[in-house]
Amino acid sequence: MGVSATVIVNEWEAKSTLEMIEDFISSSELGDSAGEFVADRIVKRTLKGIDVNDNDFAPYSINTPKTGTPNLRDTGAMLNSISFISNGSTGAVIECESPIAQYHQDGTSKMPQREFMGLTSADEVDLVNEVIIYPLIAQITWS
């Protein structure tokens, strides 16, 4: 004789949980959370000298008086200008208002590209987990 288990799905609880998920996904707070996460992650990763492809930034030119690992900090003004505009439930736009940001992002004839705006693959996984999955699990578990 085999062993069996019976699962009974409570239709009301299932519908209630799906409604909670729908409310969460359509919440304007989702864009705020995503924007805050991404802006913070860009700054932290950049300060470590890592680009959006998860590689070290190109080293300083021998003609540059700076030493050490490039982290695009210099005065701090560029990284402090990173902000986001929430689009509500559809996400957020992350911006860097510094006039020198584009030179770092794209590189120039005299400066290597150090692409800092964006997310690594690992950052994208963390974004989904920390902004969507974990908060949803917490809501479902404690409701």
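Just so you know, all these numbers are worked out from the coordinates, no wet-lab data involved. These numbers come from a predicted model, not from an experiment. Please note: Cβ atoms are built from the backbone with ideal geometry, for glycine as well, and neighbour counts cover all protein chains shown.
Key figures
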{"item": "Cleavage-rule hits (chymotrypsin sites (Phe, Trp or Tyr not before Pro)) in region 37-90: DSSP loop, at most 10 neighbouring Cβ within 10 angstrom", "result": "none"}
{"item": "Total charge dipole magnitude, region 22-142, about the Cα centre, Cβ charges on Lys, Arg, Asp, Glu only, Debye to nearest 20", "result": "720 debye"}
{"item": "Proximal lysines to LYS110, defined as alpha-carbon separation beneath 22 angstrom and excluding residues fewer than eight positions away on the same chain", "result": "LYS66"}
{"item": "Protection-proxy order for peptides 117-127, 38-48, 102-112, each taking the mean of Cβ atoms within 10 Å per residue, highest first", "result": "38-48, 117-127, 102-112"}
{"item": "Label zone at ILE8 (point 7 Å along Cα-to-Cβ), backbone N below 15 Å, region 118-143", "result": "none"}
{"item": "Helix-only mean residue ellipticity at 222 nm for the chain, each DSSP H run of n ≥ 4 adding -39500 (n - 2.57), per residue, nearest 500", "result": "-12500 deg cm²/dmol"}
{"item": "Positive dipole terminus of region 67-135, leading residue within ALA92, SER121, ASN71 (C-beta point charges)", "result": "ASN71"}
{"item": "FRET efficiency estimate (nearest 0.05) - Cβ-Cβ, ALA138 to ASN80, R0 22 angstrom", "result": "0.10"}
{"item": "Length-normalised contact order of region 22-142 in % [C-alpha pairs under 8 Å, at least 6 apart]", "result": "32 percent"}
{"item": "Residue-wise HN-Hα coupling along region 100-116, computed from phi with Karplus coefficients 6.51, -1.76, 1.60 (Hz; x: Gly, Pro)", "result": "8, 4, 5, 5, 5, 4, 9, x, 9, 5, 10, 9, x, 5, 10, 6, 10"}
{"item": "Value of D in µm² per second that Stokes-Einstein yields for the chain, Kirkwood Rh from Cα pairs, at 20 °C (1.002 mPa s)", "result": "119 µm²/s"}
